[in-house]
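The values are calculated or read from the model by the stated rules, or taken from the named source; none is laboratory data. Keep in mind the model is a prediction, meaning the values are calculated, not measured. So basically every Cβ, Gly included, is an ideal-geometry build from the backbone, and we count neighbours across all protein chains shown.
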Amino acid sequence: MDLGLDEQQEMLRNFARDFLEKECPEQLVRQMEEDEKGYSPDLWRKMAEQGWMGLIIPEQYGGAGMRITDLAVLLEEFGRFLVPGPFIPTVVLGAYPIMLAGSEEQKQRFLPRIAAGELIMTMALTEPSAKWDADGIQMEARQEGSDWVLNGTKLFVQDAHVTDYMVVAARTAKGANPEEGITLFLVDSRSPGIKFELLRTIASDKQCEVTFEDVRVPGENVLGEVGKGWPVVHRTKLLAAVAACSYLVGLAQQDFDITLNYAKERVQFGRPIGSFQAIQHKLADAVIDVDGCRFITYKAAWSLQENEPDAELMVSMAKAWCSEASRRVVAHGQQIHGGIGFTKDYKIQLYFRRQKWMELMWGDADYHRELVAQKLAI
Amino acid sequence: MDFRLSPEDEAFRQEVRSWLRENLPRDWEDQVPEGEAWEFTRHFTRKLAEKGWVVPHWPKEYGGLGLSLWRQLIFREEMSYHRAPLGYISIGADWAGPTIIVYGTEEQKREHLPRIARAEVMWCQGFSEPNAGSDLANLETRAVRDGDEYVVNGQKIWTSGAHRADWMILLARTDPEAPKHKGISYFLVDMKSPGITVRPLIDMMNNHGFNQVFFENVRVPARNLLGEENRGWYMATTTLNFERSSIGGAAASRRLLEDLVEYVRDSSLPEGRRLDDPRVRYQMGEAAVELEIGRLLSYRVVSLQERGQVPSYEASIAKLYNTEMGLRLARRGLAILGLYGQLQPKSRWARLRGRFERQYQWMTAMVVGGGTSEIQRNLIAIRGLGLPRD
């Protein structure tokens, strides 16, 4: 047993940290909040050159063939630097379900281009009901000849407006069990009948409302088997939750580091505020929260990677913990900064707002606590 | 990154488990080692000693097994999980012994270590005083050199097992003029020495575990000074470093949570299955998550040590988190048990054998003993995070 990074992961982390420090400065993060696309094509290309988009894609499809724990290490750095753009949607919500369920032809068609940074993807899953479960998928797809026709609305779709393809979950059959009758489609984002509208969010990230009006999808673009899409979505959600946790680990650590530094430098009553126990104890609690986030996330990533029998439990535990612990960390961050923390110019607010976004994505603490309780009951 | 124990370590866990099943009564409950329970504890610890399991973490040359850190962790987990009665042997095994191994003379080692390893002697720890709790270095008990002896006068408090102990590790002031950390010495004291009075200090659970110990002109041979005179504080803080991962607390909490899971799943209760109540589900989900965090924070301490690093504030984190988590778990358990939660173990109507009533009180002591939560937060902030002292 070893809770730390192996040598290769240390290298990946150190490299990513140096790279992002240079290539993803605070100024870029701020620019992208105002930018319509929400990402820098230049940075995207440079990240692709590092092989990051293909990190977990098998080598035979042009990837690096690395593993889920490696991705977690990288995404921790993404959280530290608040890297804007469709990286997680492309890798986790696009490439991963294709790796899980794609035909050989689909893998050949998509994975090498994703790995090369040529394709941007996302998954269109949630709808106005804002549910993560299978019964939240009401959008209909009906068959017409060899094509399928999609109608309906997807909401909270990350970065959809800049994608080339979306994995769309739609209902092709209705029955007693909502997990049956869901089919996944690889949909060209420029198909006629698709409209994107950007949502204005707390994190100034780019989530979309995506409307589908008689959108035709060729039969060859069904991902996996008709009616059997939910297990693929489910598995993808697990990795997406681990990705969100990893991002939160880095985000919380950085918010904490900035705050700790501030507490050492800010002088009131003739001494650094970090010399007051009221501040020290907040910071002690915060570092426990950060450490807890890190180790439960590592364990969840590892369990998923190794297909451990309790992998799903670990993922839910991780997301339940990280969602709230990271919120406590950034709340302390705001409080310890006092007034300056509330200003737009100072950096700590960037972390505060994005924490809430990742807290909500892929199930908040209440959602995952319930899943934990369900698994205890078995 | 690897969260799996080696097959050999897993086999060791199985060995410990099956030994415990053979050597503990099926319905064994955690309890204060008094009366019959004391007799059984003595019997049990002698059997442990036959296996070398009183001091499995010591080097072989001193009668230990030289177990790897992970096996020590496994061992402690299983002992706590199975509520194994250890009496007060851990004070000798985890505190006195390791300090003697590091600082003791050959003679001291020969005299004390084998007897600790064989569970022949019990030790107690004379550190805290009425005016030296969190501020331990403020201790006032005096030891004055007189020829080949020291004469000790003063008072100790919270001395667990002093009424059962054969020996005590004692901190006493030998230089009242020096700054307070630099005038303290570390002694090994025979509890049968004339002038020692042990008085019970009954806790709020109505148990006798703690004592007050009074010293009136107690003569301690100078050869029972451990290490150098006036260096006791630094030796004591190393001693405080030995029992660090707090894994025992996490494992005991895990057992309690499992009890609680079984309870909330029971559909034969007159009030119905508790797990169907969303408030109960929320509490159980949260408890399970917190428990896993506690376990990982303890494992992290060992993982660091295995990598050759010396944990410092990480151990404080494990202690702080696991005791506070254990207290929260006890509160959750009581809330779920409702009116039944208040019943003591001996009550005919008690549920889960009244364990949560006991635990709720006991954990309020655990967040104080061994360094209060507030002291742990201070240590984390100052040693770990480098924040300035006031």
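Residues that are facing chain A (nearest Cβ under 9 Å) and farther than 13 Å from B:Gly249 by Cα within the stretch B:291-313 comprise B:Arg300, B:Val302, B:Ser303, B:Leu304, B:Glu306, B:Arg307, B:Tyr313, listed in sequence order.
Scanning the stretch A:191-212 for residues that are in contact (Cβ under 8 Å) with a residue 24 or more places away in the chain and of a type in the set (Lys, Arg) gives a single hit, A:Lys206.
Kindly indicate whether any position in the stretch B:259-282 is basic (Lys, Arg), free of Cβ contacts under 8 Å to residues at least 12 places away in the same chain and more than 8 Å from chain A (Cβ to nearest Cβ). Give the derivation first.
We begin by selecting, within the stretch B:259-282, every residue basic (Lys, Arg); these are B:265, B:273-274, B:279, B:281.
Okay, now just the ones that are also free of Cβ contacts under 8 Å to residues at least 12 places away in the same chain, so B:265, B:273, B:279, B:281.
Filter once more, keeping what is more than 8 Å from chain A (Cβ to nearest Cβ): B:273, B:279.
Looking for residues that are basic (Lys, Arg), free of Cβ contacts under 8 Å to residues at least 12 places away in the same chain and more than 8 Å from chain A (Cβ to nearest Cβ), one finds at least one in the stretch B:259-282, hence yes.
Pull up the stretch A:178-223, narrow it to residues that are within 13 Å of A:Ala141 (Cβ to Cβ) and among the β-branched types (Val, Ile, Thr), then point me to the one that is surrounded by the most Cβ atoms within 10 Å (Cβ to Cβ). Ranking the qualifying residues of the stretch A:178-223, first place goes to A:Val187. The residue that is farthest from the other protein chains (Cβ to nearest Cβ), counting only those in the stretch A:1-46 that are of a type in the set (S, T, N, Q) and touching a helix residue (DSSP H, G or I) at 6+ places or on another chain (Cβ under 9 Å), is A:Ser40. How many of the residues in the stretch A:87-112 are among the β-branched types (Val, Ile, Thr) and closer than 18 Å to A:Glu220 by Cβ? So the count comes out to 1. Of note, A:Ala241 satisfies the criterion of being away from chain B (no Cβ under 11 Å), buried (at least 24 other Cβ atoms within 10 Å of the Cβ), within 22 Å of B:Glu290 (Cα to Cα) and in contact with a His (Cβ under 8 Å, 6 or more places away or on another chain).
Taking (1) in the same structural domain as B:Asn211 (by TED's automatic domain parsing); (2) under 18 Å from B:Thr238 (Cα atoms); (3) of a type in the set (Asp, Glu) in turn, B:Asp94 satisfies each apart from (1).
Among the numbered conditions (1) within 9 Å of another protein chain (Cβ to nearest Cβ); (2) modelled with pLDDT of 95 or more, the only one that B:Ser316 does not meet is (2).
Would you call B:Ala119 crowded, with 20+ Cβ neighbours inside 10 Å, in contact (Cβ under 8 Å) with a residue 12 or more places away in the chain and on the phi > 0 side of the Ramachandran plot? So B:Ala119 fits the description; yes. In a residue-by-residue description of the stretch B:339-349, the property of being at pLDDT 95 or above, touching an Asp or Glu at 6+ places or on another chain (Cβ under 9 Å) and buried (at least 20 other Cβ atoms within 10 Å of the Cβ) applies to no position. Assessment of the stretch A:349-364 against the conditions (in contact with a Leu (Cβ under 8 Å, 6 or more places away or on another chain), over 30 Å from B:Leu304 (Cβ atoms) and not charged (D, E, K, R)) yields at least one matching residue. Suppose the filter is surrounded by 12 or more Cβ atoms within 10 Å (Cβ to Cβ), over 21 Å from the mean Cα position of the chain (by Cα) and among the polar types (S, T, N, Q); does B:Ser6 pass it? Spelling it out, B:Ser6 is indeed surrounded by 12 or more Cβ atoms within 10 Å (Cβ to Cβ), over 21 Å from the mean Cα position of the chain (by Cα) and among the polar types (S, T, N, Q). Number of residues in the stretch B:158-193 that are closer than 29 Å to B:Asn207 by Cα, part of a loop (DSSP other than H, G, I, E, B) and over 18 Å from the mean Cα position of the chain (by Cα): the value is 4. Evaluation of B:Arg76 against the conditions (1) of a type in the set (Lys, Arg); (2) surrounded by fewer than 17 Cβ atoms within 10 Å (Cβ to Cβ); (3) in contact (Cβ under 8 Å) with a residue 24 or more places away in the chain; (4) under 29 Å from B:Ile100 (Cβ atoms) shows that the sole unmet condition is (2). Scanning the stretch A:334-378 for residues that are among the charged types (D, E, K, R) and modelled with pLDDT of 95 or more returns A:Lys344, A:Asp345, A:Lys347, A:Arg353, A:Arg354, A:Lys356, A:Glu359, A:Asp364, A:Asp366, A:Arg369, A:Glu370.
The stretch B:51-147 holds helices (runs of 4 or more DSSP H) entirely within its bounds, and those carrying 3 or more residues that are in contact with a strand residue (DSSP E or B) (Cβ under 8 Å, 6 or more places away or on another chain) and more than 14 Å from chain A (Cβ to nearest Cβ) map to B:97-103, B:106-117. Of the helices (runs of 4 or more DSSP H) lying entirely inside the stretch A:15-92, those containing at least 1 residues that are more than 20 Å from A:Pro112 (Cα to Cα) and not basic (Lys, Arg) are A:26-34, A:68-81. Residues that are assigned to a helix (DSSP H, G or I) and surrounded by fewer than 19 Cβ atoms within 10 Å (Cβ to Cβ) were ranked within the stretch A:356-366; the one that is farthest from the other protein chains (Cβ to nearest Cβ) is A:Lys356. Are any residues in the stretch B:334-390 more than 12 Å from chain A (Cβ to nearest Cβ), among the basic types (Lys, Arg) and in a loop (DSSP other than H, G, I, E, B), and if so, which ones? Correct list: B:Lys346, B:Arg348, B:Arg351.
Taking the listed residues A:Lys299, A:Lys264, A:Lys282, A:Lys319, the one that is in a helix (DSSP H, G or I), within 8 Å of chain B (Cβ to nearest Cβ), modelled with pLDDT of 95 or more and crowded, with 20+ Cβ neighbours inside 10 Å is A:Lys299, with no other qualifying. Quick one: is B:Gln155 within 14 Å of the chain's Cα centre (by Cα) and over 30 Å from B:Leu257 (Cα atoms)? When the stated conditions are applied, B:Gln155 does not pass them.
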